[in-house]
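Have a look at the structure below, then the notes.
The values are calculated or read from the model by the stated rules, or taken from the named source; none is laboratory data. Predicted, not measured: the structure shown is a model, and the values here were computed from it. Cβ atoms come from the backbone with ideal geometry, glycine included; neighbour counts cover every protein chain shown.
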Amino acid sequence: MPDVKWLCINVVSANKDTTYRPYDARVKIHSRVKRTVLQLRRKSIDYFADVVDKHRTMLLRNGDEVYGVHRDFVEQVKFVRKKHIKVYRLAADRHGATTDAFLHGTAIRINYGTEYSNPSMETGKFENVDHNRVEVTAVPELPDLCDEDKMRAFFTKCWEFAEELGSVLE
């Protein structure tokens, strides 16, 4: 199910010479619906019935490698990601260089994997495959959403963190 996006900002590096691969940063505030297969089966029978019943045959595979989408699902599936995720968090019991609550409350997720996109309407075979996809996602703890001052400080910290992380990733 799609995220409910409240705010999306894309920041793309201006440096585009041939020796440097530009990075882009996305700042996104969203709500995500989390449902189990049983919940989907009960609440959304009409829409998700095919997905639940045929989830093992949706993707076309050659061994462990995905190469396309079954024709029954080609209009519903625009891309597929295969991820290996590592999560890092500052240890609360260690005395580090910072006592910043924002940093201690932030999880850094590094996704290594492959993104398959644009399945052919005729064959279902993915037209674009990026085997070297790396995404870095910072997930901070939210402050009290009813406290305007804390929210302002939170957004300021998010922006500062995104700028610093972007400069490190360059």
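Among (1) touching a strand residue (DSSP E or B) at 6+ places or on another chain (Cβ under 8 Å); (2) over 18 Å from Lys28 (Cα atoms); (3) at pLDDT 85 or above, which single condition is Leu169 missing?
Of everything listed in (1) touching a strand residue (DSSP E or B) at 6+ places or on another chain (Cβ under 8 Å); (2) over 18 Å from Lys28 (Cα atoms); (3) at pLDDT 85 or above, Leu169 misses just condition (3).
Name the residues in region 114-160 that are surrounded by 12 or more Cβ atoms within 10 Å (Cβ to Cβ) and touching a helix residue (DSSP H, G or I) at 6+ places or on another chain (Cβ under 7 Å), would you?
Gly124, Val136, Ala138, Pro140, Pro143, Lys157
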